[in-house]
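To start, the structure under review is shown below, and the notes come after it.
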Amino acid sequence: MPVATVDHLGEFRLFMPVVRPESMRYVRQIMRAQLRMWRKSEFSDVAELGVTELLTNVFRHARGGGELLVSETTDGIRVGVTDFDGRLPVAGEPTCEAPGGRGLHLLAGLVNEVGAQALPQGKEVWFDLRSDRGRARIAELGNSRTSA
């Protein structure tokens, strides 16, 4: 049986010399437009939330620039952010009193997979979306709030 190959999968890169909170809105718009071009708009809500989380972590912890890479896969997308800080993120269980530390934990519940890897001059943090899992989970959380 021949193995099917997939050609022409898309890739989008955005280098950000400085990551600032006021840039997030534009990055989300770019993400939405790119996914629409790939006919993968069903991933937009979770992808926009996820990219905001990853870039916010660059702003808070890496203090500098980064690069966004969005890759089209045969069954979804991968969103990754690289920066020049080699410290890998830790997604622990935040306490009620903690001022932060919830983002990656929440993101992990919305995506199919999340990960980080050290690079020679920094790190990459990424997530994969391969199904409607994130949207279904958001709807589930919304339903549990209204029924409580």
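The values are calculated or read from the model by the stated rules, or taken from the named source; none is laboratory data. Here the structure is a predicted model, which is why all the values come from computation and not from measurement. For neighbour counting, all protein chains shown are included, and Cβ atoms are generated from backbone atoms with ideal geometry for every residue, glycine included. Quick note on the areas: whole protein, heavy atoms, side chains included, nothing else; ligands and nucleic acids left out. Shrake-Rupley method; radii C 1.70, N 1.55, O 1.52, S 1.80 Å.
Numbers at a glance
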read-out	value
Contour excess over end-to-end distance, with Cα ends at Arg130 and Asp45 and 0.36 nm allotted per residue	29.3 nm
In Å², nearest 10: area of Glu113 left accessible to a 1.4 Å probe	80
Protection proxy ranking of 51-63, 11-23 - average other beta-carbon atoms within 10 Å, highest first	51-63, 11-23
